[in-house]
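No lab work stands behind these numbers, since they all come straight from the coordinates. These figures come from a predicted structure and were not determined experimentally. Counting neighbours? That spans all protein chains shown, and the Cβs are built from the backbone with ideal geometry, glycine included.
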Amino acid sequence: MSLGRFDRTLPLPSSGNFTVQGPFDPEANVDKALIIFQIVQGEGASTVLVDGAGTWTKGNSEWSGEASPDGAHPDGSAGQLQRGRARGIALAVVIKPGQLFDNNTRFDPPAIETLTWCADFTFE
C-alpha cells in the first residue's frame, strides 16, 4: 500500500521559497514520483492558497518540494502564509514499470498511477 504525508512541522522563512516535505512510501516497483501540492491556511475570505511542486526518488523515505510563502486569497488578492496551522493537499504521479509476458514475446507498457493525501501541519 502506498503512503504519502506532510511532515507535522515545517519551517517557514520570513522571505523566499521554502521546502515542503513528508514521508512517501510507494509500492516497491516504483522508482520516482512527481508531486504537486497546495497549501491552504486560514478561514473564509482570509484563506491563503499557495501552490508547489516536488519529487521523490527510490531510496528516499521522504518527498521534497518547494513553494513560495506568497499566495492568493479566494478573491484573487495577494496573501502570504504565516506561522501556525495549515493544511496540505497533494497528488503524486508515479510510473509503474511495464512487464514482459508470454515467454518474453509480449510487453505490457508502463502504467501511470496517482495517490492523493491531505493533512494538517504547523509552520514554525
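Put +1 on the Cβ of each Lys and Arg and -1 on the Cβ of each Asp and Glu in region 9-115; which of I35, P74, G22 then has its Cα farthest toward the positive end of the dipole?
Of I35, P74, G22, it is G22.
For Q82, what charge total do you get from the other residues with a beta carbon under 13 Å from its beta carbon, if Lys and Arg give +1 and Asp and Glu give -1? Show your work: numbers first, answer last.
Numbers: positive: R83, R85; negative: E43, D70, E124.
Every neighbour counted, the sum reads -1.
Using the Kirkwood radius over C-alpha pairs as Rh, can you work out the diffusion coefficient of region 1-113 via Stokes-Einstein at 20 °C, viscosity 1.002 mPa s, in µm² per second?
Working: Rh = 15.8 Å.
Calculated translational D: 136 µm²/s.
So how much slack lies between C118 and Q82, counting 0.36 nm per residue of separation and subtracting their Cα-Cα distance, in nm? Can you show the working numbers first?
Details: separation 36, 0.36 × 36 = 12.96 nm, distance 1.91 nm.
Full extension of this stretch gives 11.1 nm more.
Taking Cα pairs under 8 Å and at least six residues apart, what relative contact order does the chain come out at, in percent? Don't skip to the answer; put the middle values down first.
Values: 315 pairs, mean separation 35.7, N = 124.
Relative contact order for the chain comes out at 29 percent.
Can you sort R106, R5, R83 so the residue with the fewest Cβ neighbours within 10 Å comes first?
On the way: R106 9, R5 18, R83 12.
Least to most surrounded, the residues fall as R106, R83, R5.
Taking the Cβ of W63 as the center, what net charge do the other residues with Cβ under 12 Å away carry, scoring Lys and Arg +1 and Asp and Glu -1?
-1
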